[in-house]
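Asker: Below is the structure I would like to discuss, written out as structure tokens.
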Amino acid sequence: MTDPERLKREAAARALALVSDGMAVGLGTGSTAKHFVALLGERVRAGLRIVGVPTSEETRMQAEGEGIPLATLDEQPVLDLTVDGADELDDRLRLIKGGGGALLREKIVAAASRRMIVIADGSKRVACLGRFPLPVEVNPFGLEATRRAVSAVLARRNCPDDLRLRSAANGTPFVTDGGHLILDAHLSRIDDPEALAADLVAVPGVVEHGLFLGLATGAILATSEGLVELGQV
Ligand SMILES: O=C(CO)[C@H](O)[C@H](O)COP(=O)(O)O
């Protein structure tokens, strides 16, 4: 296992200790969450009784393969714990998510959870959010009009107007599990995430954005010097 993968697995293993019998657990998406789902699968096969709610089709398929009992969020609308990765986080536990394109379901699941624990390697911790491009999920209908409206928001917030339609590996537009498109906003820094988030959700056609504010309750960061915990873990 490469060093970054080892760090991700260490963070995932620490989060696994938070799971106990009878819990409903939100299962995140991405390479770090994938370690968590794999480790959780081992515990389930050893007798742990939980039900998982996946945040993407990719995670659903992995969890099914691991033999983890699954429910939909409609069947299990309140979750005890969600464990998910992040593209960036600051010391106030504000996050950018959506690098894997699952931000909408990830945010719905996080909001339905009593606790949301972020697992990541230490490189994801930043002093100021925005180095990672901010995903903005949009309805395909009226894409150009929505893009212009999002550009106007960025201009009002003194952010660079650099919006790029996300492409899949084959060069066609990336389509989310919900059938939407993603505009990645290359901003370099976000001075006021709360204000930007409020402006973005007010744009018709914007389905969701990757700023997760006030959702994470704790974070486990794996560094070469050991695990660092933020918030309540
Ligand atoms: O938000 C996400 C997917 O939509 C992921 O949690 C985020 O991209 C982090 O992924 P990774 O653990 O692979 O770095």
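The values are calculated or read from the model by the stated rules, or taken from the named source; none is laboratory data. On a predicted model such as this, the values are computed, not experimentally measured, just so you know. Positions of Cβ are generated from backbone atoms using ideal geometry, with glycine treated the same way; all protein chains shown enter the neighbour counts. SASA here: full protein model, heavy atoms, side chains in, ligands and nucleic acids out. Shrake-Rupley method; radii C 1.70, N 1.55, O 1.52, S 1.80 Å.
Asker: Applying the selection to the stretch 33-60, what residues are in contact with a Pro (Cβ under 6 Å, 6 or more places away or on another chain) and within 16 Å of the ligand (Cβ to nearest atom)?
Answerer: Passing the criteria: only Arg60.
Asker: A further question follows. Would you point out the residue of the stretch 154-184, among those that are more than 16 Å from Gly101 (Cβ to Cβ) and among the basic types (Lys, Arg), that is surrounded by the fewest Cβ atoms within 10 Å (Cβ to Cβ)?
Answerer: Ranking the qualifying residues of the stretch 154-184, first place goes to Arg156.
Asker: Let me ask something else about it. Since Asp74 meets every condition but one in (1) of a type in the set (Asp, Glu); (2) more than 9 Å from the ligand (Cβ to nearest atom); (3) over 18 Å from Ala185 (Cβ atoms); (4) touching a residue at least 12 places away in the same chain (Cβ under 8 Å), which condition does it not meet?
Answerer: Asp74 satisfies every listed condition except (4).
Asker: Also, quick follow-up: State which residue pairs qualify: first residue at positive phi and inside the stretch 107-130, second residue outside any helix (DSSP H, G or I) in any location, beta carbons under 7 Å apart, and separation of 6 or more residues or different chains.
Answerer: Correct list of pairs: Gly130/Leu187; Gly130/Ser188; Gly130/Arg189; Gly130/Ile190.
Asker: Filter the stretch 84-101 for residues that are open to solvent by 10 Å² or more (accessible area, probe 1.4 Å) and among the basic types (Lys, Arg); which is farthest from the ligand (Cβ to nearest atom)?
Answerer: So the residue we want is Arg92.
Asker: Hey, does the stretch 134-153 have a residue that's closer than 22 Å to His35 by Cβ and open to solvent by 10 Å² or more (accessible area, probe 1.4 Å)?
Answerer: no
Asker: Would you confirm, using the coordinates I've provided, whether Ala120 is within 15 Å of the ligand (Cβ to nearest atom) and part of a loop (DSSP other than H, G, I, E, B)?
Answerer: No; evaluated as a whole, the condition is false for this residue.
Asker: It is to be established whether one or more residues within the stretch 170-182 are part of a loop (DSSP other than H, G, I, E, B) and at pLDDT below 95.
Answerer: No: zero hits.
Asker: What tally of residues in the stretch 108-121 results from selecting those that are over 23 Å from Arg6 (Cα atoms) and either surrounded by fewer than 23 Cβ atoms within 10 Å (Cβ to Cβ) or over 11 Å from the mean Cα position of the chain (by Cα) (or both)?
Answerer: 6
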